[in-house]
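What follows is one structure encoded as structure tokens, with my remarks underneath.
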Amino acid sequence: MRKKIVWLMASVMLLSTMMLAGCGSKKEEVTAESLVKQANENMEKAKSYTGDMDMQMSMNMTQDDYSMDLDMGMTGTIEATIDPEIFHMTGTMNMSLLDLSMDMDIYAENKDGEVTTYTGVADQWTKTVTAATESQSGMEDMYALASDGADMTLASETEKIGDKEVYVLTSTITGDKLQSLVEGMGTMTEGMDIDLSTMEANLTMKIYKDTVLPASVSIEMKDNGEGMEAEGVIVKINSLNMVMNYNEFDKLDAITIPEEALAAEELDTSALATDGTVTETEAGETTAETTAETASETTSES
């Protein structure tokens, strides 16, 4: 059961990474389409960014006569460089079912068609290597979902984040689009038979008015009551709330991966996927590594 929870967490966390690639604006034509187009172009020019994220999820899982609730949260600060493509996150993950709370230090490098992720927990480091091309197909679909802004609505008034003015765009992603995204995620959702036809996600994107760069992206998703099935387990997402904030662009010169991380022994993720038992630490590391790998690949798409 824990194995299924881990892979479900990885699948859900992937949804958050779609936000890293799509936002935009254009001073001459302030429309949703022009905002998305201009912000995407500006993101392609960015050399680095820093920010923070907060994800909170509540769900229920049922198999035969057994049912359990699971609450999960993950918060952290992030930084990324585009060349070389390195992502760094420092944060804390909590998982109620496993009574788990872990501080994590995560680095992910996208290089030569592979994403190498280094995860530090309790002064111990592990390393995983995945083929970037297998997941990038899904990330391209995610990027295309918001790339033209055609399905987004621009609010009539701007808002303030601190002392900066931002445009606000909203959209709803239906089950069909979510389904196509998951099918394109490759090994991230391998072995999971998930039907997302009953789901929809509400997206809110905020864009700095002065620079036309992403300010924040949030996603809210709820199950309609029918739930979805993954390997015989009925999963109902009571709520999923995630916020990704972009604080600064082009202020970070470089990210250095620690020597102790580079020297870490590589984790056999294939054995982890086929073994029916997953330790609490492995569960947390697998979820966190998936987040880092996806974010690193999204940086490449930007």
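Checking the cross-link pairs 37/251; 37/236; 37/222; 45/160; 127/206; 127/251 against a 31 Å limit on the alpha carbon distance flags 37/236; 127/206 as lying beyond it. Site pair residue 131 and residue 63 shows an inter-label distance of 2.8 nm when each label is modelled 7 Å from Cα along Cα→Cβ. Distances between placed amide hydrogens fall under 5 Å for residue 47 paired with 250, all partners being 5 or more residues away or on another chain.
Where a number appears in this text, it was derived from the coordinates with a stated rule and is not lab data. Because the structure is predicted, anything quoted here is derived from the model rather than measured. Positions of Cβ are generated from backbone atoms using ideal geometry, with glycine treated the same way; all protein chains shown enter the neighbour counts.
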